Amino acid sequence: MGSLQHHRLSKLELFKRVLFITLGAALVSVGLEIFLVPNHIIDGGIVGISIMASHLSSLPLGLFLFLLNLPFLFLGYKQIGKTFALSTLYGVSVMSLGTFLLHPVPPLTVEPFLAAIFGGVILGIGVGMVIRFGGSLDGTEIVAILFNKRLPFSVGETVMFFNLFILGSAGFVFGWDRAMYSLIAYYIAFRLIDVTIEGFDESKAVWIISEEAKEIGAAIMSRLGRGVTYLHGEGGFTGGSKRVIFCVITRLEEAKMKSIVHELDPVAFLAVGNIHDVKGGRFKKRDIH
C-alpha cells in the first residue's frame, strides 16, 4: 500500500512538473514573439544568438532555439543528470514550437521601451517557472556549470560574461539603441526569474538573543501563530549562557515580529535574514485566535 501511495505521489509530481514547464516555456515564447523579436530586442544566452541568427538568415527562430540548445544538452547529460536533461529538452521543444505557432501573430506594441519591459517580465516569469520545476531553457547555463569545474569563475559570472558578449553583438546586428533596450529587457527578466523561483511569499529566518527568551517565544507562538525553537548559546565576551530563539516567518510578518520583540525586551539582539526555501517541520502557520 505504501509503495502504491508513493507511486501516485510521484505521478502527481511528474504531472505538476510537466504542467509548469509547459506553461513557463509557453510564456517565454509569448515574450519573444509578441514583444521582443518583432522590436529587434534580444535576450541573453542561446535565445539571443537564435534571434540574431534568425534575423540574419530569415529562417524560423524556433529552429535555432531547438538546434543550438541540443549540443549543450548532450554535453551536460552526464554532468547534470537524466531528469534535468529531459526536463530541459521538453522545455526547449515547447518554447521552439510556441515561437513557430506565434510567429504570424502581430506584436502587441511597437514601442520598444514597452516591449522591453513587458517582454522582460513575461520572459523572466516563464524562465523562472521552468527552473523552479527542474528544467532550463538555455544551454549557456549548462556550459557555465561544466566550465565551473575548470575555470576560476562562478556559474553566475560565466553566464554574465556570455550574455554581455551576446548583448554587445546585438549592437552590430540591430543597432546600439536596440542593444540598450535589450539590456533593459535582460535585467528585468533576470530579476523576475529570482522572484519566480523564490516565490512572492519570501521567507525570513529570525534569530533573537534575549534574557526574556521564554516570554518572547510564547508571544511569537500566540500572536504570530509561528513555531519557535530554543537554542543554547554561550556569550563570546562574557562566557555566560544565552538562550537563542530561532523561527521562520514571511516578509509580511517581519514588522509585527520586531514590535513584539521590542515591546518585551528593547535591548534584545535581533537578526533577520532572507532564506530561499522552507521544507518540512512546523512551518505551516497556526490560526491566531
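Things to note:
- Close pairs from the stretch 232-243: first under 11 Å from residue 211 (Cβ atoms), partner of a type in the set (Lys, Arg) and assigned to a strand (DSSP E or B), Cβ under 8 Å, at least 6 apart: none
- With respect to being open to solvent by 10 Å² or more (accessible area, probe 1.4 Å), farther than 19 Å from residue 184 by Cα and acidic (Asp, Glu), residue 111 falls outside the description.
- For the stretch 193-211, a residue qualifies if it is out of contact with any strand residue (DSSP E or B) (no Cβ under 9 Å at 6 or more places or on another chain) and open to solvent by 40 Å² or more (accessible area, probe 1.4 Å), and the qualifying residues are 194, 195, 197, 200.
- Positions within the stretch 216-229 being assigned to a helix (DSSP H, G or I), without any contact (Cβ under 8 Å) to a residue 60 or more places away in the chain and exposed (fewer than 14 other Cβ atoms within 10 Å of the Cβ), in sequence order: 218
- The set of residues in the stretch 81-105 that are in contact (Cβ under 8 Å) with a residue 60 or more places away in the chain and farther than 17 Å from residue 23 by Cα comprises 103, 105.
- Residues of the stretch 52-69 that turn out to be in contact (Cβ under 8 Å) with a residue 24 or more places away in the chain and either among the β-branched types (Val, Ile, Thr) or closer than 29 Å to residue 191 by Cβ (or both), as a count: 8
- Residue match in the stretch 247-257 (condition: touching a residue at least 40 places away in the same chain (Cβ under 8 Å) and in a loop (DSSP other than H, G, I, E, B)): no
- Hey, residue 165 more than 30 Å from residue 16 (Cβ to Cβ), more than 21 Å from the chain's Cα centre (by Cα) and assigned to a helix (DSSP H, G or I) or not: yes
- Test result for residue 118, farther than 20 Å from residue 24 by Cβ, open to solvent by 60 Å² or more (accessible area, probe 1.4 Å), part of a helix (DSSP H, G or I) and not hydroxyl-bearing (Ser, Thr, Tyr): no
- When residue 274 is tested against (1) surrounded by fewer than 16 Cβ atoms within 10 Å (Cβ to Cβ); (2) assigned to a helix (DSSP H, G or I); (3) polar (S, T, N, Q), exactly one condition is not met: (2).
- Any chance residue 139 is assigned by the TED database to the domain that holds residue 30, open to solvent by less than 20 Å² (accessible area, probe 1.4 Å) and more than 19 Å from residue 196 (Cα to Cα): yes
- Number of residues in the stretch 245-269 that are more than 32 Å from the chain's Cα centre (by Cα), buried (at least 16 other Cβ atoms within 10 Å of the Cβ) and among the hydrophobic types (A, V, I, L, M, F, W, C): the value is 4.
- Residue in the stretch 121-134 that is assigned by the TED database to the domain that holds residue 18 and either outside any helix (DSSP H, G or I) or on the phi > 0 side of the Ramachandran plot (or both) present: yes
The values are calculated or read from the model by the stated rules, or taken from the named source; none is laboratory data. Not measured: the values here are computed from a predicted model. With ideal geometry, Cβ positions are generated from the backbone for all residues, glycine too; neighbour counts draw on all protein chains shown. The protein model used for the area step is the full one, side chains on, heavy atoms only, and it has no ligands, DNA or RNA in it. Shrake-Rupley method; radii C 1.70, N 1.55, O 1.52, S 1.80 Å.
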